Amino acid sequence: MTETGVIHGRFQVLHLKHMEYVLAAKMRCKILYVGITHPDIVTYPAASPLDQHGTEDRDNPLSYFERYEIIRDALLDFGLKRTEFEIIPFPVSRPDVLLKYVPRNGVYYMSICGEWDEEKYRILTSLGLKVEVLWRRNEEEKGITGTRLREMIARDDNWQQYVPKTAVSYITEHEIDQRIKQLYYVG
């Protein structure tokens, strides 16, 4: 078991496939840093044409703080101790500043499911970071995605089954579901 592990994602909206990724990484390290990419799409917008979801409000309805709280609550609910994880900004779209936010000595765990993931792998390795690929999956194997989940929320489909229960509560209590509906049907 390694001391420090690092994962990253937009987590727009945190779902159970994200939790599979987080927990698979946590099983390999004592302390896990959960990096939130595009912590702010104005300051850290997508810089690669392969990063198709890092510039539009519709794709990024939750703030960094909301994602932080949702991730924290879900990890605690799944049995992790608060001393076993940290949540950090992860501006992968700005490799020139990324190392100012992340631990250099960690193992960076990734799930590769497409070209953008391959590019992120190249970014991390070019920075001299140790990267371990947990799995490679094609589109059919990927399962639920944030895009599909946001579309389900916007249509009032049965989205709750794909989301940790603490995230469902947070999303409804903070009316994030209503915000997503507005982003999809207004404008």
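Which ones in the range 108-119 are surrounded by fewer than 18 Cβ atoms within 10 Å (Cβ to Cβ) and in contact with a Ser or Thr (Cβ under 8 Å, 6 or more places away or on another chain)? Give the steps one after another, and end with the answer.
Taking the range 108-119 as the starting set, the residues that turn out to be surrounded by fewer than 18 Cβ atoms within 10 Å (Cβ to Cβ) are 112, 114-115, 117-119.
Correct list: Asp117, Glu119.
Take the residues in the range 44-87 that are among the aromatic types (Phe, Trp, Tyr) and part of a loop (DSSP other than H, G, I, E, B), then tell me which one is modelled with the highest pLDDT. It would help to see each step written out before you state the result.
Kept after step one, since they are among the aromatic types (Phe, Trp, Tyr), are these residues of the range 44-87: 44, 64-65, 68, 78, 85.
Imposing the further condition that a residue be part of a loop (DSSP other than H, G, I, E, B) reduces the set to 44, 78.
Values: Tyr44: 82, Phe78: 98.
Ranking the qualifying residues of the range 44-87, first place goes to Phe78.
Could you count how many residues in the range 47-78 are among the polar types (S, T, N, Q), in contact with an Asp or Glu (Cβ under 7 Å, 6 or more places away or on another chain) and either at positive phi or surrounded by 16 or more Cβ atoms within 10 Å (Cβ to Cβ) (or both)? Can you show your working first?
Initial filter on the range 47-78 (among the polar types (S, T, N, Q)): 48, 52, 55, 60, 63.
Add one more test, that the residue is in contact with an Asp or Glu (Cβ under 7 Å, 6 or more places away or on another chain), and what stays is 48.
Those left that are additionally either at positive phi or surrounded by 16 or more Cβ atoms within 10 Å (Cβ to Cβ) (or both): none.
Counting residues in the range 47-78 that are among the polar types (S, T, N, Q), in contact with an Asp or Glu (Cβ under 7 Å, 6 or more places away or on another chain) and either at positive phi or surrounded by 16 or more Cβ atoms within 10 Å (Cβ to Cβ) (or both) gives 0.
List every residue pair whose Cβ atoms lie under 9 Å apart, where the two residues are 6 or more positions apart in sequence or sit on different chains, the first residue falls within the range 114-127 and is over 13 Å from His8 (Cβ atoms) and of a type outside the set (Lys, Arg), and the second residue, located anywhere, is assigned to a helix (DSSP H, G or I) and modelled with pLDDT under 95.
Short answer, once both residue conditions are applied: Gly114/Glu139; Gly114/Lys142.
In this structure, does Val6 turn out to be assigned to a loop (DSSP other than H, G, I, E, B), modelled with pLDDT of 95 or more and of a type in the set (A, V, I, L, M)? Steps first, answer last, please.
On the way: assigned to a loop (DSSP other than H, G, I, E, B): no; modelled with pLDDT of 95 or more: yes; of a type in the set (A, V, I, L, M): yes.
Answer is no for this residue.
The values are calculated or read from the model by the stated rules, or taken from the named source; none is laboratory data. Treat the numbers as computed from the prediction; the structure is a model and nothing was measured. Heads up, the Cβs are rebuilt from the backbone with ideal geometry, glycines too, and the neighbour counts pull from every protein chain shown.
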